[in-house]
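The values are calculated or read from the model by the stated rules, or taken from the named source; none is laboratory data. These numbers were taken from a predicted model, which means no experiment stands behind them. As a convention, Cβ positions derive from the backbone with ideal geometry for all residues, glycine included, and neighbour counts pool all protein chains shown.
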Amino acid sequence: MLVELNIENFAIIDKLHIRFKDGLNIITGETGAGKSIIFDALNMALGSRGSRDLIRDGKDSAFIEAIFEIDGSLREHIKSELDMEIDHLLILSRDIRRGSQSISKINGRTYPASEIKKITEYLVDIYGQHQHQLLLDQKNHLDMIDSFLSNEGKELKAIIEEEYSEYRRLLRLKNKDRLDDEELKDKIEYLKFQIKEIDEKELIGGEDEALEEEMMKLSNFKELSELMANIVTLLEGDTFEYKGLTDLFSSLNTMVGEASNLDGGLKTYKERISSLFYELEDIRSDVTRYYENMTFDEERFFEVKDRLDIINNMKMKYGKTLELIDEYRDKIGKELDELLTYNEKMERLDEEIELVRESILNKSKALSEIRKDISEKFSRDLEKELAELNMKDAKFNVSFEETDISSIGIDFVEFYIATNINQELKPLAKIVSGGEMSRIMLGVKSLSRSSDTETLIFDEIDTGVSGITAGVVGEKIKKLSEENQVIAVSHLPQIASLADNHFLIEKLTGESDVITNVREIGGEEKVFEIARLLGGTSDTSLKHAREMLKQSK
């Protein structure tokens, strides 16, 4: 339950400290004192979005802290949602600053507000004008019915959602790959043409590099021939003008040999020069043979040129390298195989889509029956609740229309009500008044309250209610407080007199501004506040207030 709420510099609140207790906690006060602001602040601590405009004028930041006492089951819920260990106290805080993002914390640890919202449903249910609008909006009616689903029903709904996701995936796949007969024919012919063109060229990996090397040689034959002639001349020499390198090395080899005979220390040089001489002689022989065999093959030149033209043309069309062309050939080959079996594939896909659709439809019909059973009981139980809330002639019904399959089944659900005898059932939004809406909301809450949520908060639940009806609304709220902590803002004495704990919110005028203060009241202060709610503090009002408080015990 909510045990403590601390608010600083929020709207017209300077500093506020409230300690709530078990049972029925009622907050009363004059209009404009800021009763609803307290719940706005609590909502922000619980992770709801808020505006920096709510920071008190003249202040740079606002701070809100909500402290909850939690039991073992709630601890397990929170542990599973946020993966954190906590003791019996859960402290939620929100620091709102003008120049930066707000900071949300759980027990001093920073969390995104979105993460905090995951656990708030286990902590509090807040009912105010916003929840009234949710109840009036048909789009929320199915969710309200589904909140009563058993675990089996919830599991069935989850399976439908999962299967519908697969159904949508299959439809997207079919639409993505859809081809008419002409498109299919054109695509097959085009792929066949490409495959034939690639296969006919009989491309061999690495042949382009070998041909380019050969082309380099053939294209530069004249220059290469002249260079080789000069190399041979340098090695062999010119008979008439100078000796070649081999003759010079031969003479050098002979001289060093003779010198080594005179000085044994030169034998090492003799061996090294001899080795160089024989190596040079081998080079001369090979180079001369290469030069003598050089011929220009014009026919081969054009063969290589034509083949390279073909290869380069294929590279421009299908890939920058022969390896990429080969990969492309494999890819379009597989595409062609798929296209050749396209009709069979589409038939199989249609069969799969129909099977999934049929499965969703069958499960949705089963879920619809469960929902109708729930709705029947919900309608009868709500009529009983409304009768207790002084709407004895109210008739309630949940209308079902079958729709196409969707992620939530096949049901279009809308709440219908007749508030007077012999009145025709009509959509909820077209019938109810503000006072009736408050009672319907309270009736729904009475039916849907969860043992997992210990604290129920009602903000102006008594709007449009007065007289005897106010008394029965108060009794209903009082009954709820027997199982849950209830915190309610009220302006009705019939409800305030039932409070186990009564808090008075006051607007105090200081020297330069107005601030809001909240304090728990009892005794004569409580009598005076009930009298004020009755219309004044006359002796008659005070007497009536004492009687109401006495009857509530």
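Any chance segment 91-102 includes a residue that's within 21 Å of the chain's Cα centre (by Cα) and surrounded by 14 or more Cβ atoms within 10 Å (Cβ to Cβ)? No: segment 91-102 contains no residue that is within 21 Å of the chain's Cα centre (by Cα) and surrounded by 14 or more Cβ atoms within 10 Å (Cβ to Cβ).
Within segment 120-139, is there a residue that is surrounded by 12 or more Cβ atoms within 10 Å (Cβ to Cβ), without any contact (Cβ under 8 Å) to a residue 60 or more places away in the chain and at positive phi? Looking through segment 120-139, none of the residues is surrounded by 12 or more Cβ atoms within 10 Å (Cβ to Cβ), without any contact (Cβ under 8 Å) to a residue 60 or more places away in the chain and at positive phi.
Output the qualifying pairs, or none if there are none: Cβ atoms under 6 angstrom, residues six or more apart or on different chains, first residue in segment 1-18 and modelled with pLDDT of 90 or more, second residue surrounded by fewer than 17 Cβ atoms within 10 Å (Cβ to Cβ) and in a loop (DSSP other than H, G, I, E, B). As it stands, the answer is ASN9/LYS59, since those pairs meet every condition given. Being more than 28 Å from LYS445 (Cα to Cα), surrounded by 20 or more Cβ atoms within 10 Å (Cβ to Cβ) and either hydrophobic (A, V, I, L, M, F, W, C) or in the same structural domain as SER438 (by TED's automatic domain parsing) (or both) is true for just one of ALA531, ALA499, ALA488. Which residue is that? From the options ALA531, ALA499, ALA488, the qualifying one is ALA531. Selection within segment 273-297: residues that are among the charged types (D, E, K, R) and touching a helix residue (DSSP H, G or I) at 6+ places or on another chain (Cβ under 9 Å). The member of this set that is farthest from PHE221 (Cα to Cα) is GLU281.
Of the helices (runs of 4 or more DSSP H) lying entirely inside segment 283-399, the ones with 3 or more residues being β-branched (Val, Ile, Thr) and more than 30 Å from THR246 (Cβ to Cβ) are found at 298-318, 342-388. Residues in segment 511-541 that are more than 48 Å from the chain's Cα centre (by Cα) and free of Cβ contacts under 8 Å to residues at least 40 places away in the same chain: how many? Looking only at that region, the number is 18.
Applying a threshold of 7 Å to beta carbon distances and a minimum spacing of six or more residues, or different chains, the list of pairs starting in segment 217-229 at a residue that is within 17 Å of ARG300 (Cα to Cα) and ending at one that is assigned to a helix (DSSP H, G or I) and of a type outside the set (D, E, K, R) reads LYS217/LEU224; LEU218/PHE301; LEU218/VAL304.
Scan segment 1-60 residue by residue and report those that are over 35 Å from the mean Cα position of the chain (by Cα) and farther than 27 Å from LYS478 by Cα.
Within segment 1-60, ILE12, ILE13, ASP14, LYS15, ASP57, GLY58, LYS59 meet the criteria.
Within the option set ALA113, ALA62, ALA41, ALA11, being among the small types (Gly, Ala, Ser), buried (at least 16 other Cβ atoms within 10 Å of the Cβ) and over 25 Å from LEU508 (Cβ atoms) holds for one residue only, ALA113. Out of curiosity, is LYS157 among the charged types (D, E, K, R), part of a helix (DSSP H, G or I), surrounded by 15 or more Cβ atoms within 10 Å (Cβ to Cβ) and at negative phi? Criteria met by LYS157.
May I ask you to verify whether GLY108 is in the same structural domain as LEU74 (by TED's automatic domain parsing) and either under 27 Å from SER359 (Cα atoms) or of a type in the set (Gly, Ala, Ser) (or both)? Yes: the conditions hold for GLY108.
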